[in-house]
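So the structure is just underneath, and the comments pick up after that.
The values are calculated or read from the model by the stated rules, or taken from the named source; none is laboratory data. This one's a predicted model, so the numbers in the text were calculated from it and none came from an experiment. Positions of Cβ are generated from backbone atoms using ideal geometry, with glycine treated the same way; all protein chains shown enter the neighbour counts. Protein only, heavy atoms only, side chains kept; ligands, DNA and RNA dropped before computing areas. Shrake-Rupley method; radii C 1.70, N 1.55, O 1.52, S 1.80 Å.
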Amino acid sequence: MVCRSVHGSSSSHFEWNLAVNTTAVQTHVNCIKPTSFMMTNLTSSDFVSSATFSPSCNASLSLNRNDGFDQFSVTAALTCAPSYQDQNFQPVIFWYYHLSDNGDALGTAVFCQPSIAIFVVTTTMDLNDGSMGDCTILEPFEQVTL
């Protein structure tokens, strides 16, 4: 639907807007920092990073100093997901490690449980300048079977 409006009673300026119903994707990253984080030395080169995000959501990662000054890893957050959930859709933990110049092992972890949803929405576009207007969710998208 294309809408036209006139500003002011004596103005000749027209605004052209396009209003459409369409589908939209809504995403949420859902990342949180740990409530506790600890690095434990096992040997002169091996240590374990441990992170707790809630009483039932915790994980650990074994690292070796000889693998580099900066290390990054991602693991499935197995204790944080329902047991029936496919591993491809489980939350993950991002691990970060840095060996400082004075030899201290530093690190942290971040728990992320992203979500995605599809909705039927209505939105507008200003045809004068190409800007998008607000997007209003009408209803959840339901798969159509042909």
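Solvent-accessible area per residue in the stretch 65-121 equals 63 Å², computed with a 1.4 angstrom probe and all protein chains kept.
Measuring how big the stretch 31-93 is from its alpha-carbon positions, Rg and Dmax come out at 13.2, 39 Å.
Dividing the Cα radius of gyration of the chain by its Kirkwood radius returns 1.27 for Rg/Rh. Please sort by residue number the chymotrypsin sites (Phe, Trp or Tyr not before Pro) in the stretch 22-79 whose DSSP state is loop and whose Cβ has at most 13 other Cβ atoms within 10 Å. Here the sparse-neighbourhood loop sites are PHE69.
Per-residue extension of 0.36 nm, minus the Cα-Cα distance of THR123 and ILE137, leaves a gain of 4.1 nm for this segment. A P(r) calculated from all alpha carbon pairs of the stretch 14-64, with 10 Å bins opening at zero, reads 19, 26, 18, 11, 11, 11, 5, 1 percent.
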